[in-house]
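Quick notes on the structure that follows.
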Amino acid sequence: MELILIRHALPLRLEVTDGPADPPLAPVGISQAEALAGIITPDEYDALYVSPLLRARQTADPLTARTGLEATVADGLAEWDRHSRSYVPLEELRRESPEVIEAMARGRWSDLGIDMDAFVSRVNDTVDAISGSHPGQRVAMVCHGGVINAYLSRVLDLATPLFFEPGYTSVSRVRVSRTGSRGILSINETGHLRSLRTV
């Protein structure tokens, strides 16, 4: 079977005082999601899964309209920051809080309040369960940069769970055999965004 891992489109910055920040897509993000759906044929996927976070669900909306598939929410596809009171796009975080980026680059996850081992385990258990339920099919998952890194780093047998920055609405593909072996088909496809002026 083939897994298609899609990062969500660009969301708005959101900082709240109560409860988790769960931002919607920015206007550019809506255009990105529509551009992605524009390259998909109606019968391209056999199933569509989505993170419970709003930015992922809104990215999936044009895909559901295009394919007619219902997007199944998979809680295990949520990002590590799902309970945070702020969401700052990485581009802004890099400018404003370089110490956070430094901690991420050096793997000091506990400094950021992240249990990375638990996160990686949750992501991989979820993706394995989804792939095991769809032998011989093509399954798309709209999720997050950290989720995609966690899964692909396992496929590539890397020591770090964070090794690249997926583009917004980027597509990465993995072939999973019936025996459970995995192989990368592509990483970070963004050709559908060429006509957009994006971040």
| note | Scanning region 47-80 residue by residue, those farther than 11 Å from Asp22 by Cβ and either small (Gly, Ala, Ser) or in contact with a His (Cβ under 7 Å, 6 or more places away or on another chain) (or both) turn out to be Ala47, Thr59, Ala60, Ala65, Gly68, Ala71, Ala74, Gly76
| task | Using the structure shown, decide if Ser131 is without any contact (Cβ under 8 Å) to a residue 12 or more places away in the chain and among the polar types (S, T, N, Q). | result | no
| request: Determine which single condition Leu156 fails, assuming it passes every other condition in (1) surrounded by 12 or more Cβ atoms within 10 Å (Cβ to Cβ); (2) within 24 Å of Ala33 (Cβ to Cβ). | output: (2)
| In region 65-88, what residues are surrounded by fewer than 17 Cβ atoms within 10 Å (Cβ to Cβ) and not basic (Lys, Arg)? | Ala65, Gly68, Glu70, Thr72, Val73, Asp75, His83, Ser86
| field | Residue that is nearest to Ser170 (Cα to Cα) [pool: residues in region 34-53 that are in contact with a Leu (Cβ under 8 Å, 6 or more places away or on another chain) and of a type in the set (A, V, I, L, M, F, W, C)] | value | Leu36
| Taking helices (runs of 4 or more DSSP H) that do not extend beyond region 45-160, which have at least 2 residues that are touching a Ser or Thr at 6+ places or on another chain (Cβ under 8 Å)? | 54-67, 145-155
| message | Going by what's in this entry, would Ala35 be described as out of contact with any Ser or Thr (no Cβ under 9 Å at 6 or more places or on another chain) and not in a loop (DSSP other than H, G, I, E, B)? | response | no
| task | Among the residues of region 150-183, write down those that are out of contact with any strand residue (DSSP E or B) (no Cβ under 6 Å at 6 or more places or on another chain), over 17 Å from Glu91 (Cβ atoms) and of a type outside the set (Gly, Ala, Ser). | result | Tyr151, Leu152, Arg154, Leu156, Asp157, Leu158, Thr160, Pro161, Phe163, Arg178, Thr179
| Residue check: is Phe163 at pLDDT below 95 and either within 16 Å of the chain's Cα centre (by Cα) or within 20 Å of Leu69 (Cβ to Cβ) (or both)? | yes
| remark: In the set Val155, Val123, Val147, the lone residue that is in contact (Cβ under 8 Å) with a residue 24 or more places away in the chain, within 19 Å of Arg178 (Cβ to Cβ) and β-branched (Val, Ile, Thr) is Val155
| So which residues in region 1-59 are surrounded by fewer than 19 Cβ atoms within 10 Å (Cβ to Cβ), within 13 Å of the chain's Cα centre (by Cα) and under 25 Å from Arg95 (Cα atoms)? | Leu54
| field | Answer from Val176, Val123 - the residue that is among the β-branched types (Val, Ile, Thr), closer than 13 Å to Ile4 by Cα and at pLDDT 95 or above | value | Val176
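Scan region 102-141 for residues that are closer than 15 Å to Phe163 by Cα and in contact with a helix residue (DSSP H, G or I) (Cβ under 6 Å, 6 or more places away or on another chain) and jot them down.
Correct list: Ala103, Trp109, Met116, Val120.
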| remark: Being aliphatic (A, V, I, L, M) and touching a Pro at 6+ places or on another chain (Cβ under 6 Å) narrows Ala150, Ala105 down to just Ala150
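The values are calculated or read from the model by the stated rules, or taken from the named source; none is laboratory data. Note that the structure is predicted; figures quoted are calculated from it, not measured. As a convention, Cβ positions derive from the backbone with ideal geometry for all residues, glycine included, and neighbour counts pool all protein chains shown.
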